[in-house]
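Following: one structure in structure tokens, then a few remarks.
Derivation of every value follows stated rules applied to the coordinates shown; laboratory data play no part. Keep in mind the model is a prediction, meaning the values are calculated, not measured. Positions of Cβ are backbone-derived with ideal geometry, glycine not excepted, and every protein chain shown enters the neighbour counts.
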Amino acid sequence: MNKKMLLIPMLALIMTSTGAMAQQGGYPPPVPPPGSAGPDNAHYAWADVLRVDPVYGVARTATPSQQCYDQQVVQQTPSNKGIGTVLGAVVGGVLGSTIGHGRGNTAATVGGAVVGGAVGNSVASGGQTYTSDQTVCQPVTQVAEQRQIIGYDVEYRYHGDVYMSRLSYDPGERLRVRVSVSPAD
């Protein structure tokens, strides 16, 4: 049998099955035209917008930073008490030995060493003081607030009645509305 002859019946079968799928609900139902009611007794229409008021909210953002400033600090040079005392005692002892004679020489050397040590100690313990500037930094969090639009309060009229809704957008002069009708009990 010819391959072309088999192809024609297969194409016919495919075309009829596709049409059957569309009728069985493989696709969403068609949207009713504006002004006509759909299966749930609802339709879409247009309302006139009377007023649009923006609704503001506050957005906060926190930014970490540092605040730095200069501060004066008083400092003292470290004292060299031990070195000053020893050096003073040696100098005092040498001077004392040159002054004294005989037995007085020993006393003068010891006295010179004691006095020299005391003088050296007092000079070394009186370290120098000075001031310097140091930069001190502290962490600071700065909070910024910004007003931004979070929605719109919309007042609109449909068939003589006035309605109010909050929307996420500004609708302009006309607003599309969904009208649903159901029996009152």
Amide hydrogen neighbours beyond the local backbone of Gly151, cut-off 5 Å, H modeled: Val55
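Express the C-alpha Rg of region 127-178 as a ratio against the empirical globular expectation 2.2 N^0.38 Å, rounded to two decimals. Can you show the working numbers first?
Details: Rg = 29.3 Å, N = 52, 2.2 N^0.38 = 9.9 Å.
Its radius of gyration relative to the 2.2 N^0.38 Å reference: 2.97.
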Around Trp46 (Cβ within 12 Å, Cβ-to-Cβ, excluding Trp46; K/R +1, D/E -1) the net charge comes to +2
I want the local charge near Ile149. Using Cβ-Cβ distances under 13 Å, sum +1 for each Lys or Arg and -1 for each Asp or Glu among the other residues. -1
Return the long-range amide H neighbours of Leu50 (sequence gap of 5 or more, or a different chain), with a cut-off of under 5 Å between placed amide H atoms. Glu155, Tyr156, Arg157
